[in-house]
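Trainee: Can you read through this structure? Questions will come right after.
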Amino acid sequence: MMHIYQVDAFATELFGGNAAAVCPLETWLSDDVMQALAAENNLAETAFFVADESGAADYGLRWFTPEAEVDLCGHATLASAWVLFNAVTSDSDVVTFSTRSGILTVTRGQDDMITMDFPQCTLKPAPHPDDLLRALGGPALDYCTASNDMRLAVLGSVEAVRDLKPNFAAIAAMGSHGLIVTAKGEGDVDFVSRFFAPQIGIPEDPVTGAAHTVLAPYWGKRLKKDTFTARQISKRGGEVLCQLDGDRVKLSGRAVLYMKGEVYT
């Protein structure tokens, strides 16, 4: 038997942001069992963490979609840190995770804000593939590939991103880790986005931390600034505060506990 938490990340109230399952472990389960648990949860991500005996970090952390393990997940990292800060231990405001993407440091600040320090992605302009036109139902203003194998398509307005009805088969045929669609924001919001990854079992992800390691450097060059207020305008939606810091990007947000339970394996 083990505990499981479901946390709405990048949210200030229930039923917003992106839901992640978090499973604190005493020792690692087999890959097959963790993948089966993620499929059973049927959330965008299920995170597992265990105390790191190597001394490199406080905990080892791994993330699974319903179909695959991934190299980096922002909202499930935020959710895992929330569980550690609020349910497992409360004697520190900093936790480090050893992951496939290196050592990640997460800090708890004022007003329940949690800040994650992630590696920044690099981007390259790329030719617009035929599948992109089919995916979007029309051309993009700009198109890039990112070092995390995500794709970034830029549209002309917030409305174009919000009203997009993507062709998921075409997105899956692009063969990447997902397609980010973005546009310059309005008012206090610097940029908006949506994220689609049907090829790894996530038709649309409500709020995607890893996508903002691509979005922040892209909009940093476009807007000539290094701090941003971003909104992912999925149905649930969520706000991500971003800060470029050398070759890193700091992503901040809040989280809300939805459920705690027990799993019998």
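Read-outs throughout are calculated quantities, based only on the coordinates presented, and are distinct from any laboratory measurement. Quantities reported herein were computed from a predicted structural model and do not represent experimental measurements. For neighbour counting, all protein chains shown are included, and Cβ atoms are generated from backbone atoms with ideal geometry for every residue, glycine included.
Trainee: Name the residues of the stretch 35-54 whose amide N is less than 19 Å from a point 7 angstrom out from the Cα of Thr89 along the C-beta direction?
Mentor: Answer for the stretch 35-54: 48-54.
Trainee: Based only on the alpha carbon positions, what is the Kirkwood hydrodynamic radius of the stretch 100-194, in angstrom? Mind showing how you got there, number by number?
Mentor: On the way: mean 1/r = 0.0666 Å⁻¹.
Every distinct Cα pair counted, the radius reaches 15.0 Å.
Trainee: Hey, another quick one. Take the alpha-carbon centre of the stretch 103-149, take the same for the stretch 22-77, and report the distance between them in whole Å.
Mentor: Between the Cα centre of the stretch 103-149 and that of the stretch 22-77, the gap is 22 Å.
Trainee: By the scheme Lys and Arg +1, Asp and Glu -1, what is the net charge of all other residues having a beta-carbon under 14 Å from that of Leu223?
Mentor: 0
Trainee: Give me Arg151, Arg231 ranked fewest to most by other Cβ atoms within 10 Å of their Cβ, as a rough exposure proxy.
Mentor: On the way: Arg151 26, Arg231 20.
Final ranking by Cβ density, sparse to dense: Arg231, Arg151.
Trainee: Restricting to DSSP loop positions (anything but H, G, I, E, B) with no more than 12 other Cβ atoms inside 10 Å of their own Cβ, which chymotrypsin sites (Phe, Trp or Tyr not before Pro) remain in the stretch 1-30?
Mentor: Details: sites: Tyr5, Phe10, Phe15, Trp28; in loops: Phe10, Phe15, Trp28.
Within the stretch 1-30, the qualifying chymotrypsin sites (Phe, Trp or Tyr not before Pro) (loop, at most 12 other Cβ atoms within 10 Å) are Phe15.
Trainee: Now for a separate question. Could you work out the local net charge near Asp91, counting Lys and Arg as +1, Asp and Glu as -1, over the other residues with Cβ closer than 13 Å to its Cβ?
Mentor: Working: positive: Arg108; negative: Asp58, Asp93.
After counting each charged neighbour, the total is -1.
Trainee: Which percent, nearest 5, of DSSP beta bridges in the stretch 123-245 are antiparallel?
Mentor: Antiparallel bridges make up about 75 percent of those DSSP assigns within the stretch 123-245.
Trainee: Considering the convex hull of the alpha carbon atoms of the stretch 165-234, report its projected area averaged over all viewing directions, in nm², one decimal.
Mentor: So the Cα hull casts an average projection of 4.8 nm².
Trainee: Looking at the stretch 2-68, what % of its DSSP beta bridges pair antiparallel, to the nearest 5?
Mentor: 65
Trainee: Based only on the alpha carbon positions, what is the Kirkwood hydrodynamic radius of the chain, in angstrom?
Mentor: Working: mean 1/r = 0.0542 Å⁻¹.
Computed over Cα pairs of the chain, the Kirkwood hydrodynamic radius comes out at 18.5 Å.
Trainee: What is the percent of Cα-Cα separations in the stretch 1-135 that go past 21 Å?
Mentor: 44
Trainee: Another question, if that's okay. Can you tell me the length gained on complete extension of the stretch Ala169 to Glu186, counting 0.36 nm per residue apart and subtracting the Cα distance?
Mentor: Using 0.36 nm per residue and subtracting the Cα-Cα distance, I get 3.0 nm.
Trainee: Percent of Cα-Cα pairs per 5 Å bin, from 0 to the last occupied bin, for the stretch 123-245, please list those.
Mentor: 2, 12, 25, 27, 22, 10, 3, 0
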